[in-house]
Amino acid sequence: MRFSFVIILFVTTVFYPSLSVAKMEMEIFEIHYMNAEELEGAVKVALSESGRVSVVKGANAIVVRDHSANMETVRKLLAQLDRRPAMFNITVEFVEEKRLKEMGFAVQWHVAGGGWSVGNIVSGSSGVAIKAGLLKFNGKKKQFIKIMERKQGKIFVGESVPFAEYVMRYGVNHGYVSSGVKFKDAGTGFLVSAVAIKGAKARISLKPEISYYDRENKSFTVNQALTEIVMDVPGTVVLAGSESSDNNFSAHFLSGISSVKKDGRMVMALTVLKE
């Protein structure tokens, strides 16, 4: 009789793990700051093979069923992810690189993704980083935008783009614009989003966008030229097209802020503050 009980317990544990002796729990988590559907995937990763998760859309809640040990992991994960989103104040202005040198600044450049160069501004004499509040560029097209964490804002760069034909060829070759499309005026800009990370830093995502007016103000994003920047907050970085290649999209993009050809390249100064 005892031998039979051992066999039954073994078969139940191996072939029916959901009926094993491990205790299962179910809990409903109300999501306060995020969309519950956006967190479903992250919760699934934390579950065991027998764990289950579902979303109650009307209540913006997540129902989780799993072993006790995994449930504690889920609680900690949701407490970390479901937090009040940060607000970022972003100032953008455009200035010629030679103007920075005239002001006594230097730029420590490094190559970022998407063909961009990103740099930190330092004192030309001491090499010490300049605090964000002390930088007064008096650059062109100064803009202020406020965005919520993980939401997109838009930075406008310029119009009547002098490299419109280049943009069209690039778009055709990469599948963004149908063959034969021609346009005279184009607006250029960045779609920008920000996420707060540890150590008083933020991850800033910048994706170029082209709007062409001859086709009813339609637009397309240039995904190959997307770049992400990890920076101090508060802090300032400058962005420029990489000098490593004159034939990439990023090297031409910022010239769209003016129809007048410049001797030196134009850079975008991006200052980020967190509320």
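Once both labels are positioned 7 Å from their Cα atoms along Cα-to-Cβ, the gap between residue 87 and residue 228 label points is 2.6 nm.
Other residues with beta-carbon under 10 Å from the beta-carbon of residue 26 carry, at +1 per Lys or Arg and -1 per Asp or Glu, a net charge of -1. Among the listed pairs 76/146; 154/207; 146/207; 23/57, those whose Cα-Cα separation exceeds 20 Å are 76/146; 23/57. On full extension, the segment bounded by residue 108 and residue 68 gains 9.3 nm, given 0.36 nm per residue less the C-alpha separation.
Taking Cβ atoms as reference points and 12 Å as the exclusive limit, the residues near residue 275 contribute a net charge of +2, counting Lys and Arg as +1 and Asp and Glu as -1. Count Lys and Arg as plus one, Asp and Glu as minus one, and take only other residues whose Cβ is under 12 Å from that of residue 191; the net charge is then +2.
Readers should treat all values here as calculations from the given coordinates under stated rules, not as data from a laboratory. Just so you know, these numbers come straight off a predicted model, no measurement behind them. Positions of Cβ are generated from backbone atoms using ideal geometry, with glycine treated the same way; all protein chains shown enter the neighbour counts.
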